[in-house]
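Read-outs: derived from the displayed coordinates by stated rules, not from any lab. None of the values given here were measured: they were computed from a predicted structure. Neighbour counts are summed over all protein chains in view; Cβ atoms, including those assigned to glycine, are modelled from backbone coordinates with ideal geometry.
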Amino acid sequence: MAENESICGAAAEGADSTRRRIRLLLVDDETAYVNVLTNRLRKRGFEVTAAYSGTEAIQKMRGQEFDVAILDLKMADMDGIEVLKIVKLLDPRLQVIMLTGHGSAAACEQGLQLGAYDYLMKPCELEALVAKIREAFDKRSS
């Protein structure tokens, strides 16, 4: 899906060698989007684990620790709000960035009330997503 290369546009930002790698959980049921975004974030020094459903994300959280999760709001198996509630029970310190392409700002606001760090609308600029990930990581670390 070549169009996804341009969806999250992009100033190349190198990994900061003085920081440990940020462990990301990327959750979205759009396989091609996840694969492209995973590759682009890895090139910027992030340790990315992809999950293609809410159920898979929850399973991965039971076996690994993450610093930040990027969570799509609309997925086929589970609503992003449902996934948010569960992941916050599993790890209350996990910083969650809600990502939506469906213009559901009200649902994202609900996510913020339930403990999400912030939300971004798809399509997003990659540099904006990277900055938001770093901010969320800094909040978790403090």
Please list 3J(HN,Hα) in residue order for segment 84-101, calculated via the Karplus relation 6.51 cos²θ - 1.76 cosθ + 1.60 where θ = phi - 60°; whole Hz, with x for glycine and proline. 4, 4, 6, 5, 5, 6, 5, 8, x, 7, 4, 8, 10, 9, 7, 10, 9, x
Size of the dipole of the chain about the Cα centre, Lys and Arg at +1 and Asp and Glu at -1 on the beta carbon, nothing else charged, in debye to 20? 580
Counting other Cβ atoms within 10 Å, which trypsin sites (Lys or Arg not before Pro) in segment 38-119 have at most 13 and lie in a DSSP loop? R93
Mean shadow area (nm²) of the C-alpha convex hull around the chain is 7.7
Calc'd 3J(HN,Hα), segment 133-140, phi into Karplus 6.51 cos²θ - 1.76 cosθ + 1.60 (θ = phi - 60°), Hz, glycine/Pro = x, comes to 4, 5, 4, 5, 4, 4, 5, 4
Selection from P123, A136, L112, by position along the positive dipole direction of the chain (Cβ): A136
Name the long-range amide H neighbours of I70: under 5 Å, sequence gap of 5 or more, or other chain; modelled H, no Pro or chain starts. L25, L26, V27, I97
Would you pull out the residues with amide H under 5 Å of Y119's amide H, same chain only if 5 or more places away, H placed 1.01 Å from N? M98
Go ahead and estimate [θ] at 222 nm for the chain from helices alone: -39,500 (n - 2.57) per DSSP H run with n ≥ 4, summed, over the residue count, rounded to 500. -13500 deg cm²/dmol
